[in-house]
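*Asks:* I have a structure I would like to understand better, so I am pasting it below and will then ask my questions one at a time.
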Amino acid sequence: VFNSRARVKFTMSGETDTGLTVGAEFRANDAAGAASGTAGSVFVSGGFGKLSMGDVDGAVNAAVGQVSGVGYTGLDDRNEIRYLGNGGNNFGFATTNDPSVLYEFSTGAFTVYLSATNPSGTGDAIGVGAKYTAGNFTVSIGHEQLDLDAFTWKHTAIGASAALGAVTLKAVYGHTTEDAPIEYDQYAVSADYTTGALTLTAFISDTEDFASTIHPDSAKSGQHYGVGASYDLGGGASVAGGYVKDRTDDEDAIDLGLKFSF
């Protein structure tokens, strides 16, 4: 299929007389949601740290994050593991449409994160995360809990990354329990190699047991691997393409396209 899109993001910031920084950002297509706090975000930051509200990541997602993906479109983000709190690739419970709050504080090489989704009574998530960076090495850990009417999910994730010359390695692992108890695991690893304007990327991910049990119809649930490349053309433009194999359903996806920013 052919694919194209254009998006505009509005970013605002200012500073109070006492030195606090305040700001907000949202995409044009999310203007209505930004007005109710379900899209975009607002923040205030200072010596106390940074407090953000709106469509913000949960603490564990903010601390641990994701490995590198491939492709012009992202190829359904099959490189990503799942988080229970609010985030870019979670399970789609009621909490994902509620405004969330994220607090982060950095001191030296350490950053800590705290988060909570808007208390709705139908699916509330809280999380805590931490990250430590020493030169080109980063390690992170986080724990989150999602309370639903029928049960409670608990998820612990760890991550690590290292920049070794032209190669960047990333790995994340998540272990989830349900109060039954039932346990599930997920993981993803990636490698990026950059030479000049060219970046080559490869990843392997496995969310089959964890994700497919909760969302059996999810196309992102399963075992995947992918390879891709991007070439920086300068001036904000790049060519990107990738290939992803879904080992669970024996499906293939490939894309190639031009990306640019102004």
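The values are calculated or read from the model by the stated rules, or taken from the named source; none is laboratory data. This structure is a prediction, so every number in the text was calculated from the model and none was measured. Backbone-built Cβ (ideal geometry, glycine too); neighbour counts: all protein chains shown. Accessible surface is based on the protein model in full, side chains and every heavy atom, while ligands, DNA and RNA are left aside. Shrake-Rupley method; radii C 1.70, N 1.55, O 1.52, S 1.80 Å.
*Asks:* When you scan segment 140-178, how many residues do you find that are among the small types (Gly, Ala, Ser) and open to solvent by less than 20 Å² (accessible area, probe 1.4 Å)?
*Replies:* 6
*Asks:* Consider segment 142-165. How many of its residues are in contact with a Ser or Thr (Cβ under 6 Å, 6 or more places away or on another chain) and either under 20 Å from residue 104 (Cβ atoms) or at pLDDT 95 or above (or both)?
*Replies:* Of the residues in segment 142-165, 4 are in contact with a Ser or Thr (Cβ under 6 Å, 6 or more places away or on another chain) and either under 20 Å from residue 104 (Cβ atoms) or at pLDDT 95 or above (or both).
To keep it simple, each residue is scored yes or no on (1) open to solvent by 50 Å² or more (accessible area, probe 1.4 Å); (2) among the charged types (D, E, K, R).
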| residue | (1), (2) |
| --- | --- |
| 19 | no, no |
| 29 | yes, no |
| 34 | no, no |
| 44 | no, no |
| 55 | yes, yes |
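*Asks:* Now, a different point. Just give me the residues in segment 103-117 being assigned to a strand (DSSP E or B), open to solvent by 40 Å² or more (accessible area, probe 1.4 Å) and within 22 Å of residue 136 (Cβ to Cβ), in sequence order.
*Replies:* Answer for segment 103-117, where residues must be assigned to a strand (DSSP E or B), open to solvent by 40 Å² or more (accessible area, probe 1.4 Å) and within 22 Å of residue 136 (Cβ to Cβ): 104, 106, 107, 110, 112.
*Asks:* Right, next: What are the residues in segment 250-262 that are closer than 20 Å to residue 207 by Cα and either surrounded by 12 or more Cβ atoms within 10 Å (Cβ to Cβ) or touching a strand residue (DSSP E or B) at 6+ places or on another chain (Cβ under 7 Å) (or both), if any?
*Replies:* 251, 252, 253
*Asks:* Another question, then. Which residue is nearest to residue 157 (Cα to Cα), if the candidates are limited to segment 49-68 and must be in contact with a Gly (Cβ under 7 Å, 6 or more places away or on another chain) and part of a loop (DSSP other than H, G, I, E, B)?
*Replies:* The residue in question is 65.
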